[in-house]
4 protein chains.
Amino acid sequence: MPNDHASTLICDLARSFYALGWVSGTGGGICIRDGEHVLVAPSGVQKERMQPDHIFTIALDGAVVDRPADATLRPSECSSLFLKAINLRAAGAVIHSHSMYAMAATLLFEKEFSISHLEMIKGIHGMNYGDTLVVPIIENTARECDLADALEDAILRYPSTFAVLVRRHGVYVWGADWIRAKTHAECYEYLFRAAVEMRRMGIPTRMEGA
Amino acid sequence: MPNDHASTLICDLARSFYALGWVSGTGGGICIRDGEHVLVAPSGVQKERMQPDHIFTIALDGAVVDRPADATLRPSECSSLFLKAINLRAAGAVIHSHSMYAMAATLLFEKEFSISHLEMIKGIHGMNYGDTLVVPIIENTARECDLADALEDAILRYPSTFAVLVRRHGVYVWGADWIRAKTHAECYEYLFRAAVEMRRMGIPTRMEGA
Amino acid sequence: MPNDHASTLICDLARSFYALGWVSGTGGGICIRDGEHVLVAPSGVQKERMQPDHIFTIALDGAVVDRPADATLRPSECSSLFLKAINLRAAGAVIHSHSMYAMAATLLFEKEFSISHLEMIKGIHGMNYGDTLVVPIIENTARECDLADALEDAILRYPSTFAVLVRRHGVYVWGADWIRAKTHAECYEYLFRAAVEMRRMGIPTRMEGA
Amino acid sequence: MPNDHASTLICDLARSFYALGWVSGTGGGICIRDGEHVLVAPSGVQKERMQPDHIFTIALDGAVVDRPADATLRPSECSSLFLKAINLRAAGAVIHSHSMYAMAATLLFEKEFSISHLEMIKGIHGMNYGDTLVVPIIENTARECDLADALEDAILRYPSTFAVLVRRHGVYVWGADWIRAKTHAECYEYLFRAAVEMRRMGIPTRMEGA
């Protein structure tokens, strides 16, 4: 039997992310860890219209533990990617956003997104105002599940990041629990947008010496 | 007697499309197929304030089957255009959006809108990440019903498209049912906006070799 | 005794206009004609938090017929301007918007805003797709009531306009009733924004020969 | 016992500011003065999900008078900054916004933001249309509480300002009561955005002679 509270929360957050433009066109998603299980949305559904009884419960190895009555539903294609952040970084929740600004940031930076000296950087766990925030960018693949190896590699190479950008696609963001994952997602969103605006204004995103 | 559920859904979707900027100024609209009938909104009304008993039921040849009690209402001027997608492409729902980004895309492209290598392209039925998505652009006419021939021609010449742009006007988008039509509309909207932003950043919308 | 229905409608529309960014900072407003009376909001209040019992009823010459119990309230400073459109153009409702795009349009055009060949132009009463829509621009004044003479002059010189822009300020828009005033306001808003975007893209807002 | 009405109002305003993009990522905030006390939100919480029983009551010297039952909560780090505007300028409410436009304005101006000849300037207490509105910009610090001295200095040097910008961070805005603080915040937000847009269009924000 799935965790009713967390299932309701996933649906509530998904509506809010839809309003922010993060999960339109059935893309994007969110998962929340519940002990040794993870609650994930179905694949390819309208994220802003999900109901708690549409949510899957999977184990930490990806095995389906509990599934919706609707037999046509499959667990989100992001599940294997969500599990990378959960298993490698002890994430309590992972958000996958198709935000236009996250996507645009991957068009303006090569291997890494980097920005420094913005107050919002302090919203990322462990970061201070003068630090340079770096987010690795991995190349997109034809199938979402094929991103798993590159995501794992990026997570291992950037042990302090809480996000990985995917070129021409979007971003995966996580945190120790759903509140910290959501806070991180909002801060990264702001920073991606700030970088796009700063480039337009001809202002470097990273200060000399940072 | 019209389909109450679908009529309510049309009103609900119209409110949501108004919030997205797709149907302001009474423009734009949506129809949903119900068996051998099609439910359509009235012409020239505030789309975000429609009620289910304002909805017309028309046959697949456009004949009015059931109409609102309010004798001043006429079926949407888009009806003949909606029927093209329904009859030629077996669409279960058609959305007509006056989105600023759809309109702007028609100012930046000549005969066809084209874009490749964006994850959101996968949201269009049959398309993969590396494919080039093409949307035909037809010229606008003084009266909306005069678009029907050009729309039919574009649909026949582009058998895999689920959208036709109208120069300096907007876009018609469809899908096999209302969920797929709405998902398509959100994905196209994202792609039109992405193209406008990419042009601003000097980034080509279509990759070499695609 | 004021018209309860229209008072409620004014408050409802004001909340909606606030969400659109037209009446932030207590600016902007709306009036609705009710026979020989006009219902107007108070001056300098938060437009999105007005209640029906805050609304004034004034006569067509501006005399206050009915006022809120709250003695600190005064009728909107726009009242004399609203009455110009009502008395000279038989407007049934007038909307005053501080929209950023309306203001920006006054920075990009000299004496007149003009645009042609956009579908949304058809949303303005009497206009066709190929027509050039012209909106006069008057200069702003230190006090809002001092705009009245220039507004009257513009209304008389442009007998087919349903809007007058005010430089570095915003726009007054009207229609035969509240629905047509609101529809006009949405269409003009779209056209002002389109003009700003077209200028950014280097595309003329008015076609040769139009 | 805290003021229930004001606590509810803080939560209501925080939800509204979240929708405007002013307090995402747990940043930003608001306080409201209640006689000799000040009601402030907790530090580092999701501002749009606060409940009235999360609000702190502090004295004018910053001492905590009443605190939420949840022992993990601490008063907002902005508290010492809020108290500067309250004690030095008799503010009845102070809003701290992380608005993208406020931040961007600090990238485009050096020591002072300045703008003239916009109607929205009249929304700032004591200002007229033709006046030049000036907002001091202070440099950001690694810790928010370290801003207090620079904020005090700016308040003393600019006795007619109701806002202080913080470089690469955001803005503090106040007013005689919560309505005037919120009205000021909306007007400043509009003016920061207008300045960013005017710079993009190559239009000076301050007129010659102003």
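The values are calculated or read from the model by the stated rules, or taken from the named source; none is laboratory data. Because the structure is a prediction, the values reported are computed rather than measured. With ideal geometry, Cβ positions are generated from the backbone for all residues, glycine too; neighbour counts draw on all protein chains shown.
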Next on the checklist: Checking the structure you have, find out if any residue of segment D:60-76 is closer than 21 Å to D:Tyr188 by Cβ and loosely packed, with under 14 Cβ neighbours inside 10 Å.
Outcome noted: no
In this structure, is A:Ala105 under 29 Å from D:Glu144 (Cβ atoms) and assigned to a loop (DSSP other than H, G, I, E, B)?
no
Checked pairs for segment B:13-31, first farther than 16 Å from B:His54 by Cα, second at pLDDT below 95, C-beta under 7 Å and 6 or more apart or across chains, list as B:Phe17/B:Gly28; B:Trp22/B:Gly28; B:Val23/B:Gly29
When every residue in segment C:1-15 that is away from chain D (no Cβ under 14 Å) and surrounded by fewer than 18 Cβ atoms within 10 Å (Cβ to Cβ) is compared, the one farthest from B:Ala19 (Cα to Cα) is C:Met1
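Among the residues of segment B:182-197, count how many are in contact (Cβ under 8 Å) with a residue 24 or more places away in the chain and within 13 Å of chain C (Cβ to nearest Cβ). Talk me through it step by step, then tell me what you get.
So the first thing to find is which residues in segment B:182-197 are in contact (Cβ under 8 Å) with a residue 24 or more places away in the chain, and the list is B:182-196.
In the following step, the residues that additionally are within 13 Å of chain C (Cβ to nearest Cβ) were identified as B:192-193, B:195-196.
The total comes to 4.
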Practice problem: State yes or no: is B:Thr205 closer than 23 Å to B:Glu119 by Cβ, outside any helix (DSSP H, G or I) and more than 12 Å from every other protein chain (Cβ to nearest Cβ)? | Solution: no
Matching residues in segment C:126-181 (touching a Pro at 6+ places or on another chain (Cβ under 8 Å) and without any contact (Cβ under 8 Å) to a residue 60 or more places away in the chain) number 5
Here the residues within segment A:90-108 that are away from chain D (no Cβ under 14 Å) and under 15 Å from A:Ala163 (Cα atoms) are A:Ala90, A:Ala91, A:Gly92, A:Val94, A:His96, A:His98, A:Ala102, A:Met103, A:Ala105, A:Thr106
Restricting attention to segment C:77-89, the residues that are more than 14 Å from chain D (Cβ to nearest Cβ), within 23 Å of D:Met120 (Cβ to Cβ) and in contact with a helix residue (DSSP H, G or I) (Cβ under 8 Å, 6 or more places away or on another chain) number exactly 3
- Task: With the condition kept exactly as written, say whether any residue in segment B:118-140 is within 14 Å of chain C (Cβ to nearest Cβ), among the hydrophobic types (A, V, I, L, M, F, W, C) and either farther than 18 Å from C:His117 by Cβ or touching a helix residue (DSSP H, G or I) at 6+ places or on another chain (Cβ under 9 Å) (or both).
- Result: yes
Picking from B:Ile58, B:Ile95, B:Ile30, the residue that is over 30 Å from C:Leu20 (Cα atoms) and of a type in the set (A, V, I, L, M, F, W, C) would be B:Ile58
Test B:Leu165 against the stated conditions and say whether it is under 28 Å from C:Met207 (Cα atoms), within 14 Å of chain C (Cβ to nearest Cβ) and part of a strand (DSSP E or B). yes
B:Ala181: passes all of (1) among the hydrophobic types (A, V, I, L, M, F, W, C); (2) touching a helix residue (DSSP H, G or I) at 6+ places or on another chain (Cβ under 8 Å); (3) modelled with pLDDT of 95 or more but (2)
Fill in: So D:Ile121, is it touching a Leu at 6+ places or on another chain (Cβ under 7 Å), buried (at least 17 other Cβ atoms within 10 Å of the Cβ) and not in a strand (DSSP E or B)
yes
Of C:Ile115, C:Ile137, C:Ile86, the only residue that is at pLDDT 95 or above and part of a helix (DSSP H, G or I) is C:Ile86
**OP:** Report whether or not B:Leu191 is under 20 Å from B:Gly21 (Cβ atoms), hydrophobic (A, V, I, L, M, F, W, C) and surrounded by fewer than 24 Cβ atoms within 10 Å (Cβ to Cβ).
**Re:** no
Kindly indicate whether A:Tyr172 is away from chain D (no Cβ under 11 Å), buried (at least 23 other Cβ atoms within 10 Å of the Cβ) and hydroxyl-bearing (Ser, Thr, Tyr). yes
* Confirm whether B:Ile179 is within 26 Å of B:Gly35 (Cα to Cα), at the interface with another protein chain (Cβ under 10 Å from one of its Cβ atoms), out of contact with any His (no Cβ under 9 Å at 6 or more places or on another chain) and not acidic (Asp, Glu). => yes
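Would you say A:Arg89 is without any contact (Cβ under 8 Å) to a residue 24 or more places away in the chain and buried (at least 16 other Cβ atoms within 10 Å of the Cβ)?
Here the answer is no, as A:Arg89 does not meet what is asked.
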Out of (1) touching a Cys at 6+ places or on another chain (Cβ under 8 Å); (2) buried (at least 21 other Cβ atoms within 10 Å of the Cβ); (3) more than 14 Å from chain C (Cβ to nearest Cβ), the one B:Pro52 does not meet is (2)
Exactly one of C:Asp153, C:Asp146 is surrounded by fewer than 16 Cβ atoms within 10 Å (Cβ to Cβ), modelled with pLDDT under 95 and of a type outside the set (A, V, I, L, M, F, W, C), and that residue is C:Asp146
